[in-house]
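Undergrad: My structure is below; once you've seen it, I'll send some questions.
The values are calculated or read from the model by the stated rules, or taken from the named source; none is laboratory data. Keep in mind the model is a prediction, meaning the values are calculated, not measured. Every residue, glycine among them, receives a Cβ derived from its backbone with ideal geometry; neighbour counts consider all protein chains shown. All accessible areas refer to the heavy atoms of the entire protein, side chains included, with ligands and DNA or RNA removed. Shrake-Rupley method; radii C 1.70, N 1.55, O 1.52, S 1.80 Å.
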Protein chains: 2
Amino acid sequence: MNKRATAKDVADAAGVSRTTVSFVLNNIEGMRISEETRQKVLQAAEALNYHPDASARSMVKGKTFILGFVIRQEPDKAYADLLLPEVMRGISEVASEHGYHMIFKPVPPEDEKNSLTTLFLEHQVDGLIVSGPLSKDQEIVDLFNAHAPIILQGRIDYPNIPSVDINNRKAAEKAVNHLISLGHRQIAFISNASLQYSSCKDRLSGYRRALENAGIIYDDALVFYGDRTPDSGYQAMKNILGSSLKPSAIFIASDTVALGSLNTLYQQNIRVPEDIAIMGFDDIPLSKHLAPPLSTIHIPAYKLGWNAANLLINWLEQEETPQHDCILETELIVRESCGSRQK
Amino acid sequence: MNKRATAKDVADAAGVSRTTVSFVLNNIEGMRISEETRQKVLQAAEALNYHPDASARSMVKGKTFILGFVIRQEPDKAYADLLLPEVMRGISEVASEHGYHMIFKPVPPEDEKNSLTTLFLEHQVDGLIVSGPLSKDQEIVDLFNAHAPIILQGRIDYPNIPSVDINNRKAAEKAVNHLISLGHRQIAFISNASLQYSSCKDRLSGYRRALENAGIIYDDALVFYGDRTPDSGYQAMKNILGSSLKPSAIFIASDTVALGSLNTLYQQNIRVPEDIAIMGFDDIPLSKHLAPPLSTIHIPAYKLGWNAANLLINWLEQEETPQHDCILETELIVRESCGSRQK
DNA sequence: TAATGATGCTAACTCGTTTTAGCAAAACGT
DNA sequence: ACGTTTTGCTAAAACGAGTTAGCATCATTA
């Protein structure tokens, strides 16, 4: 690049001032520019292939036009989550529409560099969407209290931070109710991640409530933990099979984790759903293609991202904090892994 | 935020000039600052929670410290590709290490807004990694000729643009050779995407070469097309089964696409590998968890991203164009979907 | 004692925009 | 013919850093 053209170059080429160039190219209302000058400027800009410098514009506007999308997880786990791309797609679509870009970054909770805060304080981004926060996440609370535009994709034990989420507890309850309705009473649980995460805690609590409503005694021994990866599901299922427990059904609070669990079953020649019923959660795009197709809870991931981005951009442009949380509906998707479908 | 603190605020608080603040905080060599002043500045910066403004820094440095990662696909297809997260992980890890951020954006080839060029000319990014370019991609060629730092993740019919890739042809050949070695001679092909993409063309050509080397006549009728999504694999497999062809094996040039194809087979009660052998390509993280675990070609996706990012950052920091392409090795992964493993 | 050198700091310019305030010249009204 | 308004443009001040050149002050040397 033989140096990018600046507004000054355009001004010189068109024989006008930088100010005029700016007025013309930004279509400023109320500034009277003759049609003749306007054309001269437009042509010069075209000829020089002029594009205004983003940093310079940012500085004077006080806005970067960049959104930060942060996952509160270790990078390897963040990228393993198969629901994530859908959320990203929702965000980036809205961002593009409004002329924003998106910086994506996994920032684990124990991050000692405070990358979340830094991202905002260095003004790399205008606002943040934080996915999968911990229940207690002081960094997020501090940022919010410092008036950082921040939208949670998930829930946190602190009021008033605007969020976009599903009702994890209700959804999990729905899932387990389905299993119960099919006659299962010995139902194990594999979590999507550790209980530090609010989504985890809520799903577990939904599982528990469904059991109790059906008069089934909740048993800690039936609860196992995944970490968002298929490998963790593989291992958890091994643990279940290796134990003396003989659940007739398992509710796995993440399809991604369930993938690994299904593999364990496949390896041990245990048939799904004939020998054991498997209920997933998330409805990742490939769940319907698994063998057997996974019954699960559909999360509107794209819409989650879409809503989060819209709330955030609205906040940025209107300068007013969103007043309401946005809770999207989930849906029980019955496929074949629970055996409820007549074949 | 009651307004972010600026360098001037720190200077005032510490009772020194802005220049001194800058010298202290950036640890400029050769500038002699007394330990006393240094501490005063550091304390003031700490107290005010000072973070230098990214835009301002960008402007004066002439660098944004942002890398652009662009996928040459429609957003829905880009986000459906299950290998992508691994590549992203590689890029973002290297980027983080060097103090760069990453803007991710799918930019389809027919994009009428020239988003790729704009991203660079507006100086939103310092350089670009472009994944999955078309064979002919004039916009990329133009950018490169304008000296934009750009690394391809894939190949293009134009010399000298630095790239990180695998040898798609050789890898496909390896895959098909495996099927042939198992005795298959009627082998169908489902592509990963349309032939405009170089990776597609190369995989098809590898398939063809393997057949010809084995004395098997290549037949256009056995070639089907996917579009990177499981759904396309589902449909392509239906087409195959609906035809009069009776291939004993199918090479599917994308595990993501294969997922859908496996579903078709499951639905029609066709057993893999007993009734038909399936060979994948990509080795997406979940391939080993499928039922049956998919035999495939391993692509070092993380390393692909890692190398691309390193090449690019090196280019940016050393100001010299990389001289060599970087071709990474693939590996045949034999699992169960081709029936080669004794159970 | 005066010249020289090192030490410790700062004034002022730069980056490329947007935007405010205002200045000429032309058009208008009385 | 003189004031007023409108039209069309520009000078200059931001924005918040990094950086160059140079100025005092104090210590050292001749």
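Undergrad: The conditions are (1) within 9 Å of DNA strand D (Cβ to nearest atom); (2) modelled with pLDDT of 95 or more, and B:MET102 fails exactly one of them. Which is it?
TA: Against the list (1) within 9 Å of DNA strand D (Cβ to nearest atom); (2) modelled with pLDDT of 95 or more, B:MET102 comes up short only on (1).
Undergrad: Can you report the number of residues in the stretch B:88-109 which are more than 8 Å from chain A (Cβ to nearest Cβ) and open to solvent by 10 Å² or more (accessible area, probe 1.4 Å)?
TA: Final tally of qualifying residues: 5.
Undergrad: Any idea which residue in the stretch A:15-34 is farthest from the other protein chains (Cβ to nearest Cβ), counting only those that are of a type in the set (S, T, N, Q) and within 9 Å of DNA strand D (Cβ to nearest atom)?
TA: Only one residue fits best here, namely A:SER34.
Undergrad: Return the residues of the stretch B:163-172 that are surrounded by fewer than 21 Cβ atoms within 10 Å (Cβ to Cβ) and assigned to a helix (DSSP H, G or I); say none if nothing qualifies.
TA: Once the filter is applied, which keeps residues that are surrounded by fewer than 21 Cβ atoms within 10 Å (Cβ to Cβ) and assigned to a helix (DSSP H, G or I), the stretch B:163-172 yields B:ARG169, B:LYS170.
Undergrad: Let me ask you something else. Since A:THR118 meets every condition but one in (1) surrounded by fewer than 19 Cβ atoms within 10 Å (Cβ to Cβ); (2) assigned by TED's automatic domain parsing to the domain that holds A:ASP12, which condition does it not meet?
TA: It fails just one condition, (2).
Undergrad: For the stretch A:130-140, which residues satisfy the criterion of being assigned to a helix (DSSP H, G or I), in contact with a helix residue (DSSP H, G or I) (Cβ under 9 Å, 6 or more places away or on another chain) and surrounded by fewer than 20 Cβ atoms within 10 Å (Cβ to Cβ)?
TA: If the condition is that a residue be assigned to a helix (DSSP H, G or I), in contact with a helix residue (DSSP H, G or I) (Cβ under 9 Å, 6 or more places away or on another chain) and surrounded by fewer than 20 Cβ atoms within 10 Å (Cβ to Cβ), then A:GLU139 is the only one that fits.
Undergrad: Could you list all residues from the stretch A:1-12 that are open to solvent by 90 Å² or more (accessible area, probe 1.4 Å) and near DNA strand C (Cβ under 10 Å from one of its atoms)?
TA: Across the stretch A:1-12, the qualifying residues are A:LYS3, A:LYS8.
Undergrad: Then there is this: Would you pick out the residues in the stretch A:120-129 that are part of a helix (DSSP H, G or I) and within 8 Å of chain B (Cβ to nearest Cβ)?
TA: The one that is part of a helix (DSSP H, G or I) and within 8 Å of chain B (Cβ to nearest Cβ): A:LEU121.
Undergrad: Next up: How many of the residues in the stretch B:94-109 are part of a loop (DSSP other than H, G, I, E, B) and either closer than 21 Å to A:PRO75 by Cα or without any contact (Cβ under 8 Å) to a residue 12 or more places away in the chain (or both)?
TA: Number of matching residues: 3.
Undergrad: Out of curiosity, is A:ALA249 more than 11 Å from chain B (Cβ to nearest Cβ) and under 17 Å from A:ALA175 (Cα atoms)?
TA: yes
Undergrad: Take A:ALA188 and tell me if it is assigned to a strand (DSSP E or B) and not acidic (Asp, Glu).
TA: yes
Undergrad: May I pose another question? Would a scan of the stretch A:35-51 turn up a residue that is more than 8 Å from DNA strand D (Cβ to nearest atom) and within 30 Å of A:MET88 (Cα to Cα)?
TA: Scanning the stretch A:35-51 turns up at least one residue that is more than 8 Å from DNA strand D (Cβ to nearest atom) and within 30 Å of A:MET88 (Cα to Cα).
Undergrad: Can you name the residue in the stretch A:274-318 that is more than 13 Å from chain B (Cβ to nearest Cβ) and out of contact with any strand residue (DSSP E or B) (no Cβ under 8 Å at 6 or more places or on another chain) and, of all such residues, is most open to solvent (accessible area, probe 1.4 Å)?
TA: A:GLU274
Listed here are the residues, each with its yes/no results for (1) among the aliphatic types (A, V, I, L, M); (2) over 18 Å from A:ILE71 (Cβ atoms); (3) open to solvent by 30 Å² or more (accessible area, probe 1.4 Å); (4) in the same structural domain as A:LEU294 (by TED's automatic domain parsing).
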{"residue": "A:LEU143", "(1), (2), (3), (4)": "yes, no, no, no"}
{"residue": "A:ILE150", "(1), (2), (3), (4)": "yes, no, no, no"}
{"residue": "A:ILE161", "(1), (2), (3), (4)": "yes, no, no, no"}
{"residue": "A:HIS178", "(1), (2), (3), (4)": "no, yes, no, yes"}
{"residue": "A:ILE190", "(1), (2), (3), (4)": "yes, yes, no, yes"}
{"residue": "A:SER198", "(1), (2), (3), (4)": "no, no, no, yes"}
{"residue": "A:SER205", "(1), (2), (3), (4)": "no, yes, yes, yes"}
{"residue": "A:ASP227", "(1), (2), (3), (4)": "no, no, yes, yes"}
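Undergrad: Let me ask something else about it. If you scan the stretch A:13-25, which residues turn out to be part of a helix (DSSP H, G or I), within 10 Å of DNA strand C (Cβ to nearest atom) and open to solvent by less than 70 Å² (accessible area, probe 1.4 Å)?
TA: Passing the criteria: A:THR20, A:VAL21, A:SER22, A:PHE23, A:VAL24, A:LEU25.
Undergrad: Out of A:ASP76, A:ASP12, which single residue is acidic (Asp, Glu) and more than 16 Å from DNA strand D (Cβ to nearest atom)?
TA: The conditions single out A:ASP76.
Undergrad: Moving on to the next point. So A:ALA56 clears everything in (1) hydrophobic (A, V, I, L, M, F, W, C); (2) within 16 Å of DNA strand D (Cβ to nearest atom); (3) in contact with a strand residue (DSSP E or B) (Cβ under 9 Å, 6 or more places away or on another chain) except one condition, right? Which one?
TA: So the condition that A:ALA56 fails would be (3).
Undergrad: If you don't mind, another one. Give the number of residues within the stretch B:33-81 that are basic (Lys, Arg), surrounded by 22 or more Cβ atoms within 10 Å (Cβ to Cβ) and within 12 Å of DNA strand C (Cβ to nearest atom).
TA: Here the count works out to 0.
Undergrad: Let me ask something else about it. Do you know which of the residues in the stretch B:326-343 that are of a type in the set (S, T, N, Q), under 30 Å from A:ARG271 (Cα atoms) and in contact (Cβ under 8 Å) with a residue 12 or more places away in the chain is most open to solvent (accessible area, probe 1.4 Å)?
TA: B:SER340
Undergrad: Which of the residues that make up the stretch B:40-58 are hydrophobic (A, V, I, L, M, F, W, C) and touching a residue at least 12 places away in the same chain (Cβ under 8 Å)?
TA: Within the stretch B:40-58, B:VAL41, B:LEU42, B:ALA44, B:ALA45, B:ALA47, B:LEU48 meet the criteria.
Undergrad: Restricting to the stretch A:110-129, give me the number of residues that are in contact (Cβ under 8 Å) with a residue 60 or more places away in the chain, away from DNA strand C (no atom under 16 Å from the Cβ) and closer than 18 Å to A:ASN314 by Cα.
TA: 4
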